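One structure is given below, encoded as structure tokens.
Bear in mind that the values in this text are calculations on the coordinates, not laboratory data. Treat the numbers as computed from the prediction; the structure is a model and nothing was measured. Here the Cβ positions follow ideal geometry from the backbone for every residue, glycine too, while neighbour counts run over all protein chains shown.
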């Protein structure tokens with residue numbers, strides 16, 4: 001036996017269901033699948049309301065912000081390529097590599113930016129292919145930075161797959177996790193809605209008597225996410241949570257962080273302990289006589305969109321949203337109301353930890369069960 005033969009790693013996953021053996025096959029996707037896209041839709045053919053959702057790279061898998069007419073949809077569906085239910089769709093620009101399985105509901109999709117894979121041979125079932133593609137690091141494919149996935153990138157991608165029966169077992173497990181994750185997200189949404197409703201009943205329905213700018217001080221930051229380290233003494237927050245670490249503290253105690261730029265503008269996060277934050281956020285700290293958690297709950301039902309400026313990149317400024325009017329009772333009542341709402345918030349935190357554990361479990365099985 002040669003050294004090459006002795007050290008060749010068998011083409012099998014790290015974790016396998018009982019009863020399955022043998023190496024997995026490997027093939028280029030283009031050997032079995034065709035890459036398709038919808039006919040181009042122009043901006044003047046869409047509207048903010050209409051009959052059929054038109055999904056773009058930023059809205060696919062979520063809520064559409066554009067529609068096309070029923071007549072145009074039926075014409076293009078009959079004349080041009082259109083996905084079959086169950087086929088895998090993938091975003092090729094923007095956030096590249098986002099995959100969904102087409103549910104068959106009437107919808108149209110942005111050409112070239114969203115493509116799908118026809119899979120007539122069914123050597124690998126569509127749901128299995130979806131999970132395989134979902135774990136591809138497109139940004140590092142072939143050691144190059146990819147800002148766009150081209151059709152040839154998909155056709156030339158080599159994937160490994162077992163027999164259909166084993167694929168079905170893998171898909172069954174991962175689908176159960178996906179279903180449980182979806183349920184957990186709904187649980188969290190219900191709790192968050194409950195907090196907003198209770199915040200309105202205990203704070204929002206009373207006549208406002210003070211402006212936000214009279215309750216808090218606002219500070220900004222020049223810190224950029226590109227300047228953050230993977231480790232450090234002080235956590236630094238971005239819009240989605242902790243983005244990295246620094247050695248400098250911008251706030252020693254509690255603060256309310258609000259997203260002032262970009263997507264998610266107006267979203268709030270309560271942070272305690274020493275921390276820093278990047279320039280897309282503002283930080284609000286309390287003035288004398290103000291219990292900061294109360295302010296956080298008082299802002300739950302504020303529509304910060306009404307203070308938004310800018311179209312391409314939305315912004316809100318404290319000089320504008322600082323004019324928000326809220327109801328501010330005595331400090332003792334502020335504290336009592338906030339502590340009651342915090343008890344529910346603690347329950348939400350527990351549900352978020354459950355969600356994180358489920359997502360971690362799925363990530364583990366994706367790596368362990370699929371080559």
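Tabulated values for the structure
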quantity	calculated
Whether region 215-264 is rounded, prolate or oblate, judged on the alpha carbon gyration tensor where a/c under 1.5 counts as rounded	oblate
Beta bridges per DSSP with both ends in region 235-371, % antiparallel, nearest 5	90 percent
Listed values [x] 21.3, 65; [y] 25.2, 85; [z] 19.7, 58, entry calculated as Rg and Dmax of the Cα atoms in Å	[y]
Nearest 10 degrees, 0 to 90: helix 164-199 Cα axis against the chain principal axis	10 degrees
Crossing angle, helix 331-369 versus the chain [Cα axis fit, 0-90 degrees, rounded to tens]	10 degrees
Cα gyration tensor shape for region 1-150, rounded if a/c is under 1.5, else prolate or oblate	prolate
Distance between region 53-92 and region 314-371 - C-alpha centres, whole angstrom	34 Å
Listed peptides 69-77, 206-214, 88-96, 161-169 by packing density, highest first (mean Cβ within 10 Å)	88-96, 161-169, 69-77, 206-214
Prolate/oblate/rounded label for region 316-366 (Cα gyration tensor, a/c 1.5)	oblate
Counting DSSP beta bridges with both ends in the chain, the antiparallel % (nearest 5)	90 percent
Listed peptides 241-250, 295-304 by packing density, highest first (mean Cβ within 10 Å)	295-304, 241-250
Estimated 222 nm signal from helices in the chain, with DSSP H stretches of n ≥ 4 weighted -39500 (n - 2.57), rounded to 500	-10000 deg cm²/dmol
Percent antiparallel among DSSP beta bridges (both partners in region 23-161, rounded to 5)	90 percent
Principal-axis tilt of helix 70-79 within the chain, Cα atoms, nearest 10 degrees	20 degrees
Stretch gain in nm, segment residue 267-residue 188, where the contour uses 0.36 nm per residue and the Cα spacing is subtracted	26.8 nm
